[in-house]
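Take this structure first; my questions come after.
The values are calculated or read from the model by the stated rules, or taken from the named source; none is laboratory data. Model, not experiment: these values are computed from the prediction. Every residue, glycine among them, receives a Cβ derived from its backbone with ideal geometry; neighbour counts consider all protein chains shown. Ligands, DNA and RNA are stripped out before the accessible areas are found, and what is left, the full protein with its side chains, is counted by its heavy atoms. Shrake-Rupley method; radii C 1.70, N 1.55, O 1.52, S 1.80 Å.
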Amino acid sequence: STINAKIPLEIQIKDALENPDYFNHPELVVDYQKEEADAIQIGSRCQSADALKRKGEVRYVGKVQGIGNGYWIGIYLDDPVGNCNGTSNGTEYFTCPENYGIFLRPKDIEVGDFPKDDDFDMEQDMI
């Protein structure tokens, strides 16, 4: 367990006193992943950093009540492979059809040039 130089020491001490398991669980920090979230712009294309590589557009950056301390990224996915419609615990953070939304931690997405997969084009895709 180490002190995080990116978070002011007084905040870390306060969080450590309130959460005895603080250094073993950084996600308990009130501003967990704030710096990473600040670098992500709404409207950016992104994909999940997991094996599924779900693509979409960033629609929300900030805290989400009820799913964990710290910062989250709300993504409007290109395909219905999410778990929400932009709403969490009764609060709407962004809008999209059901199952097209997902909230992920900043560390769990990659922002970049991830264009939408084109639908089948009969002319271009003919053999």
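Restricting attention to the stretch 57-71, report how many residues are in contact with a helix residue (DSSP H, G or I) (Cβ under 8 Å, 6 or more places away or on another chain) and crowded, with 16+ Cβ neighbours inside 10 Å.
4
Also: Please state which one of Arg54, Arg45 is within 16 Å of Pro115 (Cα to Cα), surrounded by fewer than 18 Cβ atoms within 10 Å (Cβ to Cβ) and within 13 Å of the chain's Cα centre (by Cα).
Result of the check over Arg54, Arg45: Arg45.
Return the residues of the stretch 35-69 that are acidic (Asp, Glu) and touching a residue at least 60 places away in the same chain (Cβ under 8 Å); say none if nothing qualifies.
Glu36
Assess whether Ile11 counts as being assigned to a loop (DSSP other than H, G, I, E, B) and either under 13 Å from the mean Cα position of the chain (by Cα) or modelled with pLDDT under 95 (or both).
no
Could you check Lys34 against (1) within 12 Å of the chain's Cα centre (by Cα); (2) modelled with pLDDT of 95 or more; (3) of a type in the set (Lys, Arg) and say which number it fails?
(2)
Among the residues in the stretch 109-124, are any open to solvent by 40 Å² or more (accessible area, probe 1.4 Å), of a type in the set (A, V, I, L, M) and either in a loop (DSSP other than H, G, I, E, B) or in contact with a strand residue (DSSP E or B) (Cβ under 9 Å, 6 or more places away or on another chain) (or both)?
yes
Now for a different question. Consider the stretch 70-108. How many of its residues are within 23 Å of Asp38 (Cβ to Cβ), of a type in the set (D, E, K, R) and touching a residue at least 12 places away in the same chain (Cβ under 8 Å)?
The qualifying residues number 3.
Go through the stretch 72-94 and give me each residue that's part of a loop (DSSP other than H, G, I, E, B) and either open to solvent by less than 70 Å² (accessible area, probe 1.4 Å) or over 21 Å from Asp117 (Cα atoms) (or both).
Step one: list which residues in the stretch 72-94 are part of a loop (DSSP other than H, G, I, E, B), which gives 78-83, 85-86, 89-90, 93-94.
Answer for the stretch 72-94, where residues must be part of a loop (DSSP other than H, G, I, E, B) and either open to solvent by less than 70 Å² (accessible area, probe 1.4 Å) or over 21 Å from Asp117 (Cα atoms) (or both): Asp78, Gly82, Asn85, Gly86, Asn89, Gly90, Tyr93, Phe94.
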